[in-house]
Structure formats: C-alpha cells, structure tokens
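Asks: Before I ask anything, let me first share the structure, which is written out below as structure tokens.
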Amino acid sequence: MERNKLFIVIILFTTISFSQEPSFDELDPLSPSKAAFYSAVFPGAGQAFNKKYWKIPIVYAAIGTSIYSYNFNQKKFWNYRNAYKSRKAGYNNDEFQNLILDDNRLLDGAEFHKKNRDLSMVFIVGFYILNILDANIDAHLKQYNVNESLTLKPYIDKGIATNYESIGLSLNLNF
C-alpha cells in the first residue's frame, strides 16, 4: 500500500513539473540539473522533462533487460551451486542428474552464471548513469541558440596560384 502511495506522489510530482514548457527567451539555467535529478529519482523522468518522450522506452528496455539478465543468471548460479553442494553431501537427486554432469561441470556452470550475473549488474548501473547523463546533456543542448544567422556551408576552393583544390567548411555568423 505504501508503494502505491509513493508511486502516485511521484506521478503527480512529475506531471505538475512538466506542465509548464520553458520558453527560449527565459531559459532556466538550472534545467540541466533538474533533468538529471528527475532521471536519478525516476529513470526516464528527465527525458520526459526534456520533451524527448521517444527515449523513455529505450531507457526502460535497457535497464529492464539488464535486470532480467541479472535475475536469470542469479537463479542459474544458485541451481548449479546447490546441485554441486548436494552432490558433495551425497545426494544425486538434483535437476542435472539426467544431463550426467560431473562436479567440475557444475562448478564451471556456477562460475559462468556468476560472471554473467556480475556483468549484468554493471550494465544496470551503467544504463542508469547513462540515463542521467542523457537527460543532463540534452537539457544543456536545448539552451543553444540555433537560428538563421548561424550557417555552416561546405566549399571547394580552386587555387589560382596552385593546381590543387581544397575542400572545407565555412562557418558564418551574421548579426
């Protein structure tokens, strides 16, 4: 019941916070930190704050897949570990008895799933941090002024004195 109340409070807080869209004339210098804070509290909330709703399923898919992989490898690790311990105790009625696995294979299976479980935890933390960084960087990029007075045009220069051609970019800022 307490979890449901907390979830409702978070949803209300995020909807109230997202109801006002900042104008480019009055940019909030704290909006990158707000976006990072929202993503830290609730993954995907910073992307919603930045109005990048298409990124939210990507955040949940990345973190969710990593959590699923962690749980799967944790269960398999315990299955192999318990089978090994029960065989050492003299019991042979484990789930691997039909596969005719010896003790070394059970230890290898446990080690394999333990390594993958630990790697999955690294991915969970990594995607969580990437979610926060994405929200922060995207909020920073919203503050840049990109208008018609700033142009970037490619050019090809045919040198008069030399026979060489040069290719480059020209950056113009018109006030």
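Where a number appears in this text, it was derived from the coordinates with a stated rule and is not lab data. This one's a predicted model, so the numbers in the text were calculated from it and none came from an experiment. Note that we place each Cβ from the backbone using ideal geometry, even for glycine, and neighbour counts take in every protein chain shown.
Asks: Pull out a ≥ b ≥ c, the square roots of the eigenvalues of the alpha-carbon gyration tensor of the stretch 64-113, then state rounded if a/c is under 1.5, prolate if not and a/b is larger than b/c, and oblate in the remaining case. Mind dumping the intermediate values first?
Replies: Working: a/c = 2.57, a/b = 2.39, b/c = 1.07.
Prolate.
Asks: Related question: So what's the net charge close to LYS115: Lys and Arg +1, Asp and Glu -1, counting the other residues with Cβ under 14 Å from its Cβ?
Replies: Summing Lys and Arg as +1 and Asp and Glu as -1 gives +1.
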